[in-house]
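Here the structure comes first, spelled out in structure tokens, and everything after it is commentary.
The values are calculated or read from the model by the stated rules, or taken from the named source; none is laboratory data. What you see is a predicted model; the values in this text were computed from it and never measured. As a convention, Cβ positions derive from the backbone with ideal geometry for all residues, glycine included, and neighbour counts pool all protein chains shown. In case anyone asks, the SASA skips ligands and DNA or RNA and just uses the protein heavy atoms, side chains included. Shrake-Rupley method; radii C 1.70, N 1.55, O 1.52, S 1.80 Å.
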Amino acid sequence: MKNSSIYKTVRAKLITHGVDRTADGRLTLTDAELFSLFVQLERVKGIASFDGVLEVCAEIEAHVAHLGKRQLIVFAYMYLSFSDLAPRIHEPDEVLPDRKVRKSYVFGREVSDEEMLIGLWARVKYEAVGEHMLRLVRANG
């Protein structure tokens, strides 16, 4: 039954990101191939594979482009950037006397360098396109 639990977990996480609020968003749950790609994303996230995350996100992007719903990629970025791999708190930058800059992040748990890379990459992608893409999702009902 472990397999069924990953499907339930992915579905629940997607719903927390609001996929069930619009017809476009619901495609992440009703399109079998797209949902399967989100399950793959959960698996590669779980093994902390940055290359795997990039590969699955590229597959999601290609699939949603094929559907004519490129904006749905935002849910992949949300899925990762609101996970335990992304920092909970970003403290203000500190400029050190030698003009180096210290950036401090606080995570909800101990994360490996690769996990941190996944979370920060997703956060950057979401901050770059998230608002625009979500507007498109909402506009298409």
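The long axis of helix 32-46 is offset from the longest Cα principal axis of the chain by roughly 20 degrees. Would you work out what percent of the accessible area of the chain, with all protein chains in place, is carbon or sulfur (probe 1.4 Å)? Carbon and sulfur atoms account for 53 percent of the accessible area of the chain.
Given a 1.4 Å probe and the protein chains as shown, K13 ends up with an accessible area of around 60 Å². Across region 86-91, computed HN-Hα scalar couplings (Karplus, 6.51 cos²θ - 1.76 cosθ + 1.60, θ = phi - 60°) run 9, x, 7, 9, 10, 7 Hz from first to last residue, x flagging Gly and Pro. Here the 3J(HN,Hα) profile of region 7-14, calculated from phi with Karplus coefficients 6.51, -1.76 and 1.60 at θ = phi - 60°, is 5, 5, 4, 5, 4, 4, 5, 4 Hz, Gly and Pro shown as x.
Between I60, I15, I118, find the one with the highest GNM mean-square fluctuation for the chain; connect C-alpha pairs within less than 10 Å. In this elastic network of the chain, the residue with the biggest mean-square fluctuation among I60, I15, I118 is I15.
Note on the chain: with a GNM built from Cα contacts shorter than 10 Å, the maximum mean-square fluctuation among E61, E42, E94 falls on E94. Taking the chain as the reference, fit the longest principal axis to its C-alpha atoms, fit the long axis of helix 50-66 to the helix C-alpha atoms, and give the angle between the two in degrees, 0 to 90, nearest 10. It is inclined by approximately 40 degrees.
Find out how many positive minus negative residues lie around V10, taking Lys and Arg as positive, Asp and Glu as negative, among other residues whose Cβ is under 12 Å from that of V10. Spelling it out: positives minus negatives among the neighbours equals +4. Can you give the FRET efficiency to the nearest 0.05 for T30 and R102, using r as the Cβ-Cβ distance and R₀ = 41 Å? Rounded to the nearest 0.05, the efficiency is 0.35. Rounded to the nearest 20, the size of the Cβ-charge dipole of the chain about its Cα centre is 460 debye, with Lys and Arg at +1 and Asp and Glu at -1. Averaged over its residues, the chain has an accessible area of 58 Å² per residue, based on protein heavy atoms and a 1.4 Å probe. I'd like the orientation of helix 113-139 relative to the chain: the angle between its Cα long axis and the longest Cα principal axis, in ° from 0 to 90, rounded to 10. With both axes taken from Cα atoms, the answer is about 50 degrees. In the assembled protein chains, D24 presents an accessible area of approximately 10 Å² (probe radius 1.4 Å). For region 1-97, with the dipole built from +1 on Lys and Arg beta-carbon atoms and -1 on Asp and Glu ones, taken about the Cα centre, which of Q40, T22, V53 lies farthest toward the positive end? The Cα lying farthest towards the positive end belongs to T22.
The smallest convex shape that holds all Cα atoms of region 1-104, its convex hull, gives 131 Å³ per residue. F82 contributes about 100 Å² of solvent-accessible surface, heavy atoms of the protein only, 1.4 Å probe.
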